[in-house]
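Q: What follows is a single structure, and I will ask about it in a moment.
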Amino acid sequence: MDEWRTRGTPLFEHLFEHGRHYSPPPTVRQSPRRRNVDGGQPAGSSPQAGNVRAVPVDALAHPTVQRIAALLRSLGAPGEPLELPASAPTATAAADQLGCSVGAIANSLLFDADSAPLLVLTSGAHRVDTHRVAGLIGAKSVGRASADFVRASTGMPIGGVAPLGHPVPIRTLVDLWLAEHPVVWAAAGHPHTVFPTTYGELLRLTGGTPAEVGA
């Protein structure tokens, strides 16, 4: 997320293989994409815990979020978009509500690299070193993009930029620090939505390049 403006609470059910299981928190709402037509439990899932409702409410009903959910499904990614109780201005705020390390927050930061968009998926634990990034990609200059540039390049607002689903593919660097966390959180197209993923899956979904991007 761009400067990561998302929040949440601990993780949820059966989203990953290899034995990773999570219980949904009561303040986070799940995407309805796997919901049965009769309104029952999502097909193939265990009963939900707490007061999480698998219904489209507010941000989950946003067309961009629904498009990201469909895209994740089509690409075989098990993580579902979740609606957060409020947007978060910092990675620390997001981590506090998700109950995870700040390093597990995958900030989607869009840069203007010689007038071309560059997406850097960076750990919330550190800042991007633009001079280092410029050297990595052979650019003369790399600077933070304006809100208009972000919207035009990604089709999404600052604070809700997903790592995929852009109008055209964007060159992407994926911070090596994210590999330290078995689950990382990325924006799902709206400032109040996130989805869980992994470092390896981010590389696959984005076609990104592993890189040391921090200062």
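No lab work stands behind these numbers, since they all come straight from the coordinates. All values derive from a computational prediction rather than experimental measurement. Glycine also receives a Cβ, built like all others from the backbone with ideal geometry; neighbour counts cover every protein chain displayed.
Q: Would you mind computing, in nm to one decimal, how far apart the modelled labels at Asp96 and Ala179 are, each placed 7 Å from Cα along Cα→Cβ?
A: Distance between the two pseudo-spin positions: 3.2 nm.
Q: Okay, moving on. Modelling each spin label as a point 7 Å along the Cα-to-Cβ direction, I'd like the Ala147/Asp58 distance in nm, to one decimal.
A: Reported label-point gap for Ala147 and Asp58 is 2.0 nm.
Q: Follow-up. Can you pull the one-decimal nm distance between simple spin-label points at Asp129 and Leu71, each 7 Å off the Cα toward Cβ?
A: Roughly 3.1 nm, to one decimal.
Q: Computed FRET efficiency, Cβ-Cβ of Ala86 and Lys140, R0 45 Å: what is it to the nearest 0.05?
A: Values: r = 39 Å, r/R0 = 0.87.
It comes out at approximately 0.70.
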